[in-house]
Amino acid sequence: MVRAATDRLKFNPPLGNLPALQYLLPQQLQIDAEYQRSLDTSSSQALVRKIAQHWNWDLCQPLVVARREAGDLFVIDGQHRLAAARLRGDISQLPAVVVQYASAADEAASFVHLNQQRRPLGKLDIFKAAVASGDREAIQISEALVEAGLSIAKTTNPDSWSARQITNIGGIEASWRRHGRKATTVALHTLAQAFGSQILRYAGTIFGGIAAVCADEIARFGTFSAERNERFQTMLALRSQEQWRSDVMQARADDPLLKFASAGEKVMRSAWARASGDGAPPAQFAGKRWCDQCEIMVTCAEASACKSRFCGVKVAA
């Protein structure tokens, strides 16, 4: 127990040696390659260019800098910001929290501690902040959720969710940008009506497929009629979320290269083609298309004759 407490203390300077907030010249600051990450990777270089191009003082948190015994200043946290400032050439000073450590080893320990403690913002946090900041798309999505009788869960832990709470913001945003406001709003309403009394534990897996069907109906008929939408809701509700998820997982097992979103669309479109009474809609296209199920290029006639319930070419054509 004593050792654990000592290990924690080594990440911090002695209490009597308080850090100082200072503005430092970029040319004053150095990087210790013994513990700092290399900026020679393509991802780091891209990040540096992005920060430099879109420099925003609101996002430039103070660098954490160590002052060594000889007075040299070494960056512990913030080397991407430093590199971006140097790349721009018009940043004369940078804010920094300057701390004096007993040794370079303590600096390295602090570097590890800072990076272990850092937690990136999740989709939910970013979405909530976007709504609060007045972002147009985020506000429209929020309004669509309210209209559908859904709300954003406070956490990503499904054990704390109530009925009609969702967390699949990433999938909803993707649908909004791909299928548009109308189809996504209908899809949210459909999800709420089919599973609204349940905890929407697998909404992230099945929503993309629901949205794809709604978009198909609107593209085909101009609207998703109340009668057909009610039939679609019934089809969804007759099976549990777990069963739908199992079908999606099976589709991916059949085709390991198939992404979750595409698998969900394939499963839901195939199921709706059968449940709607239309059967598999005839494929109508010129030339050949790639069939994920058969893993070959197929003609329109070949796609129409396909017997697989997972045939994406036949259903999407």
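Remarks
- Qualifying residues in the range 22-62 (those that are of a type in the set (S, T, N, Q) and under 23 Å from D106 (Cβ atoms)) - the one surrounded by the fewest Cβ atoms within 10 Å (Cβ to Cβ): S38
- Selection status of A83, free of Cβ contacts under 8 Å to residues at least 12 places away in the same chain, closer than 30 Å to Q45 by Cβ and assigned by TED's automatic domain parsing to the domain that holds S38: no
- Residue within the range 151-162 that is surrounded by fewer than 21 Cβ atoms within 10 Å (Cβ to Cβ), out of contact with any Ser or Thr (no Cβ under 9 Å at 6 or more places or on another chain) and of a type in the set (V, I, T) present: no
- Within the range 153-186, the set of residues being more than 14 Å from the chain's Cα centre (by Cα) and over 23 Å from A215 (Cβ atoms) comprises A153, K154, T155, N157, P158, D159, S160, W161, S162, A163, Q165.
- Looking across the range 275-289 at every residue that is surrounded by fewer than 14 Cβ atoms within 10 Å (Cβ to Cβ) and modelled with pLDDT of 70 or more, the one that is nearest to M235 (Cα to Cα) is identified as G277.
- Restricting the range 171-206 to residues that are without any contact (Cβ under 8 Å) to a residue 40 or more places away in the chain and not in a helix (DSSP H, G or I), the residue that is farthest from S142 (Cα to Cα): S197
- A single member of R181, R252 is at pLDDT below 95 and either in the same structural domain as P158 (by TED's automatic domain parsing) or charged (D, E, K, R) (or both), and it is R252.
- Condition met for L124 (of a type outside the set (V, I, T), more than 16 Å from the chain's Cα centre (by Cα) and in a helix (DSSP H, G or I)): no
- Residue in the range 90-107 that is farthest from Q27 (Cα to Cα), counting only those that are surrounded by 14 or more Cβ atoms within 10 Å (Cβ to Cβ) and either among the hydrophobic types (A, V, I, L, M, F, W, C) or modelled with pLDDT under 80 (or both): A104
- Residue tally, condition without any contact (Cβ under 8 Å) to a residue 40 or more places away in the chain and in a helix (DSSP H, G or I), over the range 142-170: 5
- Any chance V298 is modelled with pLDDT under 90, surrounded by 14 or more Cβ atoms within 10 Å (Cβ to Cβ) and assigned to a strand (DSSP E or B): yes
- Residues that are among the aromatic types (F, W, Y), in a helix (DSSP H, G or I) and crowded, with 22+ Cβ neighbours inside 10 Å within the range 207-243 comprise F207, F232, listed in sequence order.
The values are calculated or read from the model by the stated rules, or taken from the named source; none is laboratory data. Here the structure is a predicted model, which is why all the values come from computation and not from measurement. Quick reminder, even Gly has a Cβ in these numbers, built from the backbone with ideal geometry, and neighbours come from all protein chains shown.
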